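The values are calculated or read from the model by the stated rules, or taken from the named source; none is laboratory data. For clarity, every value in this text was computed on a predicted model and none was experimentally measured. Cβ placement follows ideal geometry from the backbone for every residue including glycine, while neighbour counts extend to all protein chains displayed. Surface accessibility is based on the protein's heavy atoms, side chains included, excluding ligands, DNA and RNA. Shrake-Rupley method; radii C 1.70, N 1.55, O 1.52, S 1.80 Å.
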Amino acid sequence: PFTPDARRAQLEAESATLLRAPGVAALFGMQVMMIAFAFYAGGVEPPMERFLRWTSLVLSLPIVGYCALPFYRAARAALAGGTLVMEVPVSLAILLAFGGSVWHTVLNVDAVYYDSVSMFVSLLLGSRYLELRARAAAGARLEAFTALVPDSALRVSGTAGDERIDTVPAIRLVSGDVVLVRPGETVPADGMVLS
């Protein structure tokens with residue numbers, strides 16, 4: 001059964017994972033970007049260019065292999081269920097850009113896109129973390145609101161003089177039910193005061 005505490009614990013665990021992954025991606029991504037700036041500036045000698053390509057490949061491995069795992073898992077689950085979600089093209093883009101860059105690094109031809117892959121994963125993870133924080137805040141507000149409504153109600157049934165009071169879940173109240181609200185209790189549903 002749903003419990004607010006279990007949901008809160010799940011969000012905290014997911015938040016910790018999503019906070020760690022963007023940190024790793026940013027750390028390694030910054031190094032890859034510094035190497036990319038050397039390429040953008042030009043004038044890198046061929047032996048050094050080959051070394052920097054291989055260094056970029058090694059530095060981007062943690063990003064593609066660890067940080068992008070949430071995208072791969074979501075894409076795999078969606079494809080197994082026969083649906084398409086945002087993570088499918090994201091995973092495809094990451095893997096194709098990285099695979100193409102590895103191929104170009106091995107053959108030492110054309111351009112490599114390790115910087116693009118690194119920044120793409122970093123930005124997506126950062127936005128996913130912000131989305132999670134917003135969902136957690138909205139969930140906390142909703143929990144606070146639902147805490148104001150009682151879980152159960154005292155439903156009065158029968159005729160005058162032969163009344164019976166039953167404790168029922170508040171969500172089982174229907175239009176026309178008579179409810180007893182004792183002093184200090186919260187009213188469990190909309191209604192009119194009879195007495």
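Some notes on this structure:
- Cβ charges +1 (Lys, Arg) and -1 (Asp, Glu), total dipole of the chain, debye: 340 debye
- Solvent exposure of the chain amounts to 65 Å² per residue of accessible area, where only protein heavy atoms count and the probe is 1.4 Å.
- Global size of the range 10-87 as Cα Rg and Dmax, reported in angstrom: 16.8, 51
- Peptides 136-142, 88-94 ordered by average Cβ neighbours within 10 Å, highest first: 88-94, 136-142
- Nearest-ten-degree value, helix 69-80 long axis tilted from longest Cα axis of the chain: 70 degrees
- Ordered by solvent-accessible area of protein heavy atoms (1.4 Å probe), largest first, the residues 105, 159 come out as 159, 105.
- Ranking 178, 108, 90 by Cα position along the charge dipole of the chain, where only Lys, Arg, Asp and Glu carry charges on their C-beta atoms, puts 108 farthest toward the positive end.
- Long-range HN-HN contacts of residue 152 with modeled amide H, under 5 Å: 170
- Share of carbon and sulfur in the accessible heavy-atom surface of the chain [1.4 Å probe, %]: 66 percent
- Distance cut-off 24 Å, percentage of C-alpha pairs in the range 105-193 lying past it: 55 percent
- In terms of packing, defined here as the mean over residues of other Cβ atoms within 10 angstrom, the peptides 45-54, 161-170, 32-41 line up highest first as 32-41, 45-54, 161-170.
- Rel. contact order, % - alpha carbon contacts under 8 angstrom, at least six apart, the chain: 20 percent
- Neighbourhood charge, 15 Å Cβ-Cβ cut-off, centred on residue 97 and excluding it, Lys, Arg +1 and Asp, Glu -1: -1
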